[in-house]
Amino acid sequence: MECRKLDITLVSAKNLPDVRNYGRMKVYAEISINGISKTAEKTNVDKQNECNPFWNCSIVYTIGERAVQATDIDLVIKLFCKRTLGDRYIGEVKLALRSLFENGLGAQNVSHAVSGTTSGILNISYSFGEKIVVQRPSGLYYDNTWDNEDNDNTWDYVPIIIQGAMIVIKVSIILMTGGAFDGGL
């Protein structure tokens with residue numbers, strides 16, 4: 001199965017709105033693929049810089065080549081303020097995986113406006129690796145259309161490997177347990 005590594009570093013944010021009525025802003029970011037919780041990773045909480053947090057947190061995904069080329073797969077980065085009585089949502093950035101890939105394989109530094117804010121900016125860096133071939137984990141349900149290279153249909157199953165776990169996306173997500181979850185895709 002052909003895949004690529006995606007190294008993404010959530011560097012910082014600036015000009016975030018203060019969503020607390022009192023106390024200090026303690027901000028963290030959560031990144032996922034299409035907002036699917038099984039793919040989510042979080043940065044550490046920045047307790048010092050309040051509305052201008054700095055994380056410099058690197059995350060590595062190994063993503064199936066078809067997912068990299070698909071037009072409907074996004075990296076979703078949500079920003080939250082850590083609070084004792086429940087974290088408060090600040091805003092988010094959605095980045096189309098394909099458009100990131102089309103910018104090239106080498107390291108890219110980009111800034112994006114944070115939706116839900118008037119002037120918030122998120123700074124990230126990322127790079128895609130060369131194609132690699134990985135062996136599909138055993139005991140995982142998948143459809144044979146993945147193995148049919150001559151299939152002219154749109155991608156049916158797109159493997160995304162995250163730190164050793166594999167999720168297969170089709171209109172629903174088939175987890176390693178064999179259960180199905182409608183991810184709203």
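The values are calculated or read from the model by the stated rules, or taken from the named source; none is laboratory data. All of these numbers come straight from a predicted model, not from anything done at the bench. With ideal geometry, Cβ positions are generated from the backbone for all residues, glycine too; neighbour counts draw on all protein chains shown. Surface accessibility is based on the protein's heavy atoms, side chains included, excluding ligands, DNA and RNA. Shrake-Rupley method; radii C 1.70, N 1.55, O 1.52, S 1.80 Å.
Some points to look at:
- Long pairs among K14/K42; K47/K131; K94/K131; K5/K94; K5/K78, criterion Cα-Cα beyond 28 Å: K47/K131
- The largest accessible area among S58, S127 belongs to the first residue in S58, S127, and the rest follow in falling order (1.4 Å probe, all chains).
- For S111 and V45, the FRET efficiency from 1/(1 + (r/R0)^6), where r spans their Cβ atoms and R0 equals 22 Å, is about 0.55.
- Built amide H within the under 5 Å cut-off of G120, gap 5+: V114
- Under-5 Å amide H pairs with I90, H placed in peptide plane, nonlocal only: L79, F80, C81
- Using the Karplus relation 6.51 cos²θ - 1.76 cosθ + 1.60 with θ = phi - 60°, the per-residue 3J(HN,Hα) values for the range 23-30 come to x, 8, 6, 10, 9, 9, 10, 10 Hz, with x marking Gly and Pro.
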